[in-house]
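Report on one structure; see the data block that follows.
The values are calculated or read from the model by the stated rules, or taken from the named source; none is laboratory data. Computed from a prediction, not measured in an experiment: that's the story for all the values here. Neighbour counts run over all protein chains shown; Cβ positions are idealised from the backbone, glycine included.
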Amino acid sequence: MHPILLSNEINAAKKAALDILLHNDHGPYQGLPRTAAWGYPEPYTRDLMFSILGIAVSDNQKLIESVHKVLETLALNQTKHGHIPSLVHDQEDRGASDTTPLFLMGVGLYRKLSGDKLFLSKAVQKAQLWMEYQSPSDRFLVAQQPTSDWRDEQWVIGYGLYVNTLVYAYLQLLGNPQRAASIQHEMSRFTVTGGTLNHHVHEGLVVKHKPYYAFWSYKILNSERFDLLGNSLAILTGIASPTRAGEMIAWIEEECEHMKNKGELAVNLPPNFFPYIKPENPDWNLRYEQYNKPGEYHNGGIWPFICGIYIAALVAAKKFTLAHEKLIALTDLVTLRKNESLEFGFNEWIKAQDGKPYGQDWQSWSASLYLYAAKCVETGTTPYFDEMRL
């Protein structure tokens with residue numbers, strides 16, 4: 001794959017994304033980065049861990065030094081059992097299922113970026129032990145409580161796809177491919193359906209007759225709705241085989257066309273989650289009416305940071321032309337803003353049905369994952385993940 005020459009519009013968006021990250025680099029909490037320029041002054045762990053990807057390919061030393069500070073602060077605020085808090089500066093803000101694996105992934109990325117192979121060794125050891133204790137079966141897949149990952153308004157019960165892709169990623173980055181292979185093997189088992197639990201069959205996350213991985217599964221319960229973030233990470237990390245990845249991407253694009261035809265999707269990028277949960281569905285939660293309506297927020301909103309990871313997954317699957325097309329679409333999307341005085345919004349999330357921004361402008365992970373997606377398209381590579389798929 002020859003490098004792609006990026007357009008002036010994409011290069012302008014890249015510059016804006018870097019400017020946003022630099023603007024957000026110093027916030028009111030111990031000088032740690034802000035999560036968004038105005039709406040979120042706090043340093044949210046998960047946002048900042050994902051932001052490492054764009055920072056790592058930016059070559060900006062100021063931002064790289066900030067990553068070092070964030071990781072060291074998280075290690076200082078780690079609980080005695082190894083759990084990582086949801087806010088970088090607040091060791092009492094606990095209970096998230098994805099902050100600890102994201103911290104481990106972040107340290108793994110930083111070690112490769114800096115060359116310091118022993119960075120935060122003690123904290124990493126404690127965090128890895130914490131994660132091993134999150135497996136109810138005492139095997140490899142980890143489980144979680146509802147609303148404990150980035151979807152604070154959506155239920156994921158038991159073995160969630162997204163969190164387990166993070167576990168796989170950090171195991172690979174930190175040099176434990178054997179345990180990573182065991183995660184991959186357990187995920188590839190068929191999801192138990194039909195209300196019958198066969199005790200000789202362990203839970204898994206493969207959906208029968210469909211190319212993607214289930215949203216979550218636990219004993220006789222599961223959700224076969226599509227999680228774009230989890231499945232994109234499955235492709236990017238190599239959990240999904242090249243054949244499965246290709247079939248999955250074709251399925252995603254076909255489903256998006258169907259949603260456009262039904263008036264459920266107004267832009268040329270996939271929602272974070274579909275089919276949307278609707279009031280008549282059994283998995284509808286009354287709280288969704290206020291906070292998580294169909295096509296909004298976690299229930300099908302379009303999240304630029306996830307679209308950036310999807311674009312990286314397209315490059316991983318060697319869908320270079322499609323990846324470029326989606327980067328152009330994402331470039332249009334990141335111009336959307338609530339504050340009309342801004343040239344670029346890099347908003348938090350967009351409503352699927354009308355393409356209007358509803359989240360916070362100048363969101364760090366929206367800016368950072370745009371930078372990462374652009375680097376992937378430009379080079380035809382996926383930095384830090386290529387070697388996982390060898």
Fill in: Checklist (1) more than 22 Å from N299 (Cα to Cα); (2) at pLDDT 95 or above applied to E253, failing item
(1)
Discussion item. Return the residues of the range 315-335 that are of a type in the set (A, V, I, L, M) and over 22 Å from A12 (Cβ atoms); say none if nothing qualifies.
Written reply: A316, A317, L322
Discussion item. I want to confirm something. Restricting to the range 115-151 and keeping residues that are aliphatic (A, V, I, L, M) and in a loop (DSSP other than H, G, I, E, B), which single residue is farthest from R46 (Cα to Cα)?
Written reply: L118
Discussion item. Suppose we filter W362, W349, W303 for residues that are closer than 30 Å to R111 by Cα, in contact with a strand residue (DSSP E or B) (Cβ under 7 Å, 6 or more places away or on another chain) and surrounded by 22 or more Cβ atoms within 10 Å (Cβ to Cβ); which single one remains?
Written reply: W362
Discussion item. Just to be sure before I move on: is T100 of a type in the set (S, T, Y), farther than 25 Å from D59 by Cα and in contact (Cβ under 8 Å) with a residue 60 or more places away in the chain in the structure I sent?
Written reply: no
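Per-residue answers, yes or no, for (1) buried (at least 16 other Cβ atoms within 10 Å of the Cβ); (2) β-branched (V, I, T); (3) assigned to a helix (DSSP H, G or I):
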site	(1), (2), (3)
I64	yes, yes, yes
E72	no, no, yes
T79	no, yes, no
G82	yes, no, no
D93	yes, no, no
T100	yes, yes, yes
G108	yes, no, yes
L113	yes, no, yes
Worksheet item: Limited to the range 39-92, what total is found for residues that are closer than 30 Å to E378 by Cα and hydrophobic (A, V, I, L, M, F, W, C)?
Response: 13
Fill in: Close pairs from the range 332-348: first on the phi > 0 side of the Ramachandran plot, partner crowded, with 17+ Cβ neighbours inside 10 Å and outside any loop (DSSP other than H, G, I, E, B), Cβ under 6 Å, at least 6 apart
F346/I20; F346/Q363; F346/S366; F346/A367
Discussion item. Tell me whether the range 198-213 contains one or more residues that are part of a helix (DSSP H, G or I) and at pLDDT 85 or above.
Written reply: no
Worksheet entry | Selection from the range 225-252 of residues that are touching a residue at least 12 places away in the same chain (Cβ under 8 Å), among the β-branched types (V, I, T) and over 19 Å from V163 (Cα atoms) | I249, I252
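Evaluate the following for N222: is it buried (at least 21 other Cβ atoms within 10 Å of the Cβ), within 20 Å of D98 (Cα to Cα), free of Cβ contacts under 8 Å to residues at least 40 places away in the same chain and of a type outside the set (D, E)? First the steps, then the outcome.
Working: buried (at least 21 other Cβ atoms within 10 Å of the Cβ): yes; within 20 Å of D98 (Cα to Cα): yes; free of Cβ contacts under 8 Å to residues at least 40 places away in the same chain: yes; of a type outside the set (D, E): yes.
In short, yes.
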Worksheet item: Can you name every residue in the range 223-242 that is in contact with a Gly (Cβ under 8 Å, 6 or more places away or on another chain) and either assigned to a loop (DSSP other than H, G, I, E, B) or at pLDDT below 95 (or both)?
Response: none
